[in-house]
Amino acid sequence: MEKENELVLTNLVLPVVKELLLPKIKAVLASLFKDEKDVDIIKDNFTQYLSQQYEKFLTIDTLALPNKQTLLKLLYEPLTVITHENARPVEILIDGYNENFLPKFLRIIIEDTAGMGKSTLTKRIFLSIIEKAIGIPVLIELRQINKENNFITDIQTQFSRIGEKISLEMISGLLDDGQFIFLLDGFDEVAHADRAFVNKELHKFIEKGNNNSFLITSRPEDSLVSFGDFQKFTIKPLKKEQAFSLIKRYDNYNTNKNAAPLIKQLQVQEKSKVITEYLGNPLLVSLLYKCFDYKKDIPLKKTQFYRQVFDSLYESHDLSKEGYLNRDKYSHLHQDDFERVLRHVAFLTSIQNKVEYDKDYIIKIIDEVKTLTPDLSFNSSDLLKDLIETVPLFKKEGNNFRWAHKSLQDYFAAKFIWNDANDSRIRIIKKIYNDIDNRRFSNVINLYCELDPKTFEQTFLMWLLEEFVEYYNNSKKDFKYISKQLFEARIELTFGDEVSFIYSEDDNRKSENLLKERNGVKSLAFLRKANSTFYRYSKKPKGILKTVFTSRPNLETLKQVVADKYPNLIMQSHHDIDLGSISFLEFYKIYNLDNLETNILNQKENFGVTNTLLGGAYKMNCSNCIEKLNNLKLNISVSPEKDKNLLNW
């Protein structure tokens, strides 16, 4: 073992094993009537596990610097997590293991979009736990959990050395005793076919190990609402200064010092909404650096980012050396053909929600692509070798292969729908639109909108607006006694949502118990399926109002994308934390919003106040949505006439 590794083992790992694990191991062994000599074997297993994991997470792979060993600590820009689920927002800086984070909340979900740094943050916490000797970290990549490899067997595999497998009884005993910190990364990356099983097993695992701490990371997923006892956090976008700091960090590993000229260009364009979005996302910042290294300009669209990243990887610039290196491809595919194959691979794996594969699976996918592209000739194993070595869009981890980042899969899947789906394009889009689990396609939809805005408007957008106008017209007959202004304000905030209100004196266990006493456990079931909850203060009478939204999942995904692309149609809703008087509501009673005039929420004198209580995630614009829908239908009806001009030659 090298001297540096020996220092890691001596100074960091052994104290954790000695101070935290040995007492637990001896206690469990005693309860299981095992021989005392087993202690040394198990101690050695844990020492090796912690050492190997620590060394593994010291370095990370990045799209900006592929196939280079880069130290996580040198590239990690401290991220801030924030929760809005309390009455007052809570912000916590994560630059390691923060005592105000896991120790305080014990069960946490970090939910955010692609590229915000969830996995990197998790690894940074893992390293810090060992360095501070404050617990026993266990990182489980949830995409690897399935019926053949449940949580306990995965932990058993991680903790065991070859020929010295730790018993399942020992692991169960250690879990019961506590002091483990489980970092459960990538809930959204669980294969679609395994989702129900993993969700069920995760609940059982958490219940069994309830003396331990748990952190789950994921892109937005509706099934996460079943983890009602977890505190949900999101990651705050990077500030401009943080983004520039991250750019400078990449210069540490690159002979071409691009940070200064790149930052100079960004400062010229910093008022641009596009640039602001790029700088807030750590992944996009890294792609900025990668693209600038390749073409010395700043792409104005995300799709241009990914295109330039692919171009630079295919052409195989060795950016750390002078000159240019163009490696032969094992598959001997031209760049356009290589990308065409990649688009098929991305789509076929995306619909299964799989980002990691064993060799048999990925070869089977590539073989299937060969049947769909009969005009191309290549060997499946050679293509896979290209994806690892010469065009490193994939990583090889042990015996498994995975995309370097899921957003790459999203990009090429979106391009497949645009370029390759042909007569199936509209049917694919319709299936995505109606899929109740279409949040997994959120980034695909977003990127598709950039690639093919015309088809996006005539499908995703038009279908959404048709549903909204239908909801508008159906509700109009129920609210004839209300002014148009108040009626439209209600419709704009409630489209696609079921809404309930709960008013309480405080926000603690006492309130929950009183709520159950008054309403019964059954009537609280809706809380477990709610998509989002907003907390507001009321001064008269003094208390906290909880507004609970249960949204149609497929519509929520589309509203999110449209709000980003068409802010004149849908915008994010903002609400004041402090409310005025809501004296018509009683404490600890559940109020469900409907269209009945007899509902106290809909009574004429309360209707406007109820509107102010809504404050959902998104707000439609009635007049703009109706006008846009009419224009879309008009354009479709006259498009054949426009097409005649294309044939007039």
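What value, in deg cm²/dmol to 500, does the helix sum -39500 (n - 2.57) over DSSP H runs of n ≥ 4 give at 222 nm once divided by the residues of the chain?
Details: 28 runs with 317 residues, N = 649.
-15000 deg cm²/dmol, from helical runs alone.
Given 0.36 nm per residue, what is the gain on full extension from Lys542 to Gln179 after removing their alpha carbon distance, in nm? All intermediate terms of the calculation are to be shown ahead of the outcome.
Numbers: separation 363, 0.36 × 363 = 130.68 nm, distance 3.96 nm.
Gain on extension, Lys542 to Gln179, equals 126.7 nm.
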- Item | Sequence-distant residues sharing a close amide H with Phe233 (under 5 Å, placed H) | Ile109, Ile110, Glu111
- Message: Tell me the per residue accessible area of the chain using a 1.4 Å probe; a whole number in Å² is fine.
- Response: 46 Å²
- Message: Once you place label points 7 Å from the Cα toward the Cβ at His192 and Ile626, how far apart are they in nm?
- Response: 3.7 nm
- Gyration tensor (alpha-carbon) shape descriptor, region 53-153, a/c threshold 1.5: rounded
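Classify region 208-311: rounded, prolate or oblate, from the alpha-carbon gyration tensor (a ≥ b ≥ c, eigenvalue square roots; a/c under 1.5 rounded; otherwise prolate if a/b is larger than b/c)? Mind showing how you got there, number by number?
Values: a/c = 2.46, a/b = 2.22, b/c = 1.11.
Prolate.
Which percentage, to the nearest 5, of the DSSP beta bridges contained in the chain is antiparallel? Mind showing how you got there, number by number?
Numbers: 40 of 61 bridges.
Bridges in the chain are about 65 percent antiparallel.
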- For Ala260, the net charge from surrounding residues (Cβ-Cβ under 9 Å; K, R +1; D, E -1) works out to +2
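What full-extension length gain, to one decimal in nm, is calculated for Glu397 and Lys589 as 0.36 nm per residue of separation minus the Cα-Cα distance?
Values: separation 192, 0.36 × 192 = 69.12 nm, distance 5.25 nm.
That works out to 63.9 nm of additional length.
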- Note on the structure: Using alpha carbon centers only, region 463-479 is separated from region 375-405 by a whole-angstrom value of 49 Å
- Query: Per the 1.4 Å probe, what fraction of the accessible area of the chain, in percent, lies on carbon and sulfur atoms?
  - Reply: 50 percent
- Item | Where chymotrypsin sites (Phe, Trp or Tyr not before Pro) fall in DSSP loop in region 80-142, at most 14 other Cβ within 10 Å | none
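Counting other Cβ atoms within 10 Å, keep those with at most 14, restrict to DSSP loop, and tell me which trypsin sites (Lys or Arg not before Pro) in region 97-196 are left.
Numbers: sites: Lys104, Arg107, Lys118, Lys123, Arg124, Lys132, Arg143, Lys147, Arg161, Lys165, Arg195; in loops: Lys147, Lys165.
Loop-located and lightly packed - Lys147, Lys165.
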- Give me the distance in nm between label points sitting 7 Å out from Cα along the Cα-to-Cβ direction at Gln572 and Asn210, one decimal. 3.6 nm
- What label, among (i) 0.96; (ii) 1.10; (iii) 0.98, belongs to Rg/Rh (Cα atoms, Kirkwood Rh) computed from the structure on display? (iii)
- Task: List every residue whose amide H lies under 5 Å from the amide H of Lys68, counting only residues 5 or more places away in sequence or on a different chain, with H placed 1.01 Å from N in the peptide plane.
- Result: Thr62
- Task: Would you pull out the residues with amide H under 5 Å of Leu579's amide H, same chain only if 5 or more places away, H placed 1.01 Å from N?
- Result: Tyr537, Ser538, Lys539
- Note on the structure: Using alpha carbon centers only, region 409-444 is separated from region 226-269 by a whole-angstrom value of 29 Å
- Going down the table (Lys248/Lys296; Lys68/Lys118; Lys68/Lys295), which pairs top 18 Å between alpha carbons? Lys68/Lys118; Lys68/Lys295
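The values are calculated or read from the model by the stated rules, or taken from the named source; none is laboratory data. None of these values were measured; they are calculated from a predicted model. For neighbour counting, all protein chains shown are included, and Cβ atoms are generated from backbone atoms with ideal geometry for every residue, glycine included. Surface accessibility is based on the protein's heavy atoms, side chains included, excluding ligands, DNA and RNA. Shrake-Rupley method; radii C 1.70, N 1.55, O 1.52, S 1.80 Å.
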